[in-house]
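Every number in this text was worked out from the coordinates using simple rules, so none of it is lab data. Predicted model only: the values in this text are computed from it and were never measured. All Cβ positions, even for glycine, are placed from backbone atoms using ideal geometry, and neighbour counts span all protein chains on display.
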Amino acid sequence: MSQTQPPLCLLFDSDGTLVDSEPLLARAMADTFPPFGLPFSAEQYMEEFRGVRFLDIVQELERRFGSLADDQRQIMEDRLRANMAERMQQELVPIAGIPQALDALADHPKAVASNGPIAKIRLAMATTGLAPHFGDHLFSAYELGVWKPDPGLYLAAAEAMGVSPEHCVVIDDAAVGVEAGLKAGMQVIHINHFPEEEDTPEGAVGITHADQLVDTIERLAAKATM
């Protein structure tokens, strides 16, 4: 393969990968769900539902504790979104080491591909100062109608970026995102925040901190030119 091939395209997850939003979301869910008859704790989100689509979480809780009326489900979601937006505006920060890594990876085309709504992605990027790294290259499962672990979200992002899947690197912290990237035929870096509790799936490269990201991508790029 030619040494002059373009830089690898980097497809980042948002929550837990670029921004430290998952503890905020866990607390927002723990505040919002119980008044609607769905017992829930912040620890439960982090242990069981991290990165999972909101509707799938609600459906599982309804299976365990009883169904909500459609209007109650919408009211609950609206309250959660408002609660989360307020927390993000006040408390959200980038994952440690991510701003420096993105600066060092300036030559690589980049996009965000998230299971979250587009408004949440935009707010996360704006609040943390990461928006200039991605511009309009923001892809939401809600807009595309496909959620991780389905590979369609990452495949759609690659197509929009004009890059083949094999020339993309997915960077994701959640099991559903790692699975999606592998199914898409992409190289995958798993930012494993809980290495004592979670294993990196076969086929993905595991790291434990964003300060390892640049060297890992350089190794993947060098391998691609061999």
Quiz prompt | Top of GLY116, GLY185, GLY145 by mean-square fluctuation, Gaussian network on the chain, Cα under 10 Å | solution = GLY145
Quiz item: If you place +1 on the Cβ of every Lys and Arg, -1 on the Cβ of every Asp and Glu, and leave all else neutral, what size is the dipole of region 114-226 about its Cα centre, to the nearest 20 Debye?
Solution: 400
Exercise. Once you have a ≥ b ≥ c as the square roots of the Cα gyration tensor eigenvalues for the chain, tell me rounded if a/c is under 1.5, and otherwise prolate or oblate according to whether a/b is larger than b/c.
Key: prolate
Quiz item: What number in nm² do you get for region 1-110 if you take the convex hull of its Cα atoms and divide its surface by four?
Solution: 9.5
Practice problem: Would you kindly calculate the translational diffusion coefficient of region 57-133, applying Stokes-Einstein with the Kirkwood radius from alpha carbon pairs, for 37 °C and a viscosity of 0.692 mPa s, and quote it in µm² s⁻¹ without decimals? | Solution: 219
Quiz item: So what is Rg over Rh here for region 107-180, counting just Cα atoms and using Kirkwood for Rh?
Solution: 0.93
Quiz item: Pick from LEU130, LEU55, LEU138: which residue has the top mean-square fluctuation in a GNM of the chain where Cα pairs under 10 Å get a spring?
Solution: LEU55
Exercise. Give the percent of DSSP beta bridges with both residues in the chain that are antiparallel, rounded to the nearest 5.
Key: 5
Quiz item: Quick one: how many lysine pairs in the chain have C-alpha atoms under 19 angstrom apart, if they're 8 or more apart or on different chains?
Solution: 4
Quiz item: Counting Lys +1, Arg +1, Asp -1, Glu -1, what net charge surrounds HIS133 among other residues with beta carbon under 11 Å of its beta carbon?
Solution: 0
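Find, to one decimal place in angstroms, the Kirkwood hydrodynamic radius of region 92-226, where the mean of 1/r is taken over every pair of different Cα atoms and then inverted.
15.2
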Quiz item: Which one of PRO165, PRO99, PRO34 has the biggest mean-square fluctuation once the chain is modelled by GNM with Cα springs under 10 Å?
Solution: PRO34
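If you put +1 on each Lys and Arg Cβ and -1 on each Asp and Glu Cβ, how big is the dipole of the chain around its Cα centre, in Debye rounded to 20?
With only Lys, Arg, Asp and Glu charged at Cβ, the dipole is about 440 debye.
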Practice problem: Positive end of the charge dipole of region 131-213 (Lys, Arg +1 and Asp, Glu -1 on Cβ, about the Cα centre): tell me which of THR208, VAL178, TRP147 has its Cα farthest that way. | Solution: TRP147
Quiz item: With a ≥ b ≥ c the root eigenvalues of the C-alpha gyration tensor of region 14-77, is it rounded (a/c under 1.5), prolate (a/b larger than b/c) or oblate?
Solution: prolate
Quiz item: Roughly how many debye, to the nearest 20, is the charge dipole of region 21-147 about its Cα centre, given +1 on each Lys and Arg Cβ, -1 on each Asp and Glu Cβ, and no other charges?
Solution: 40
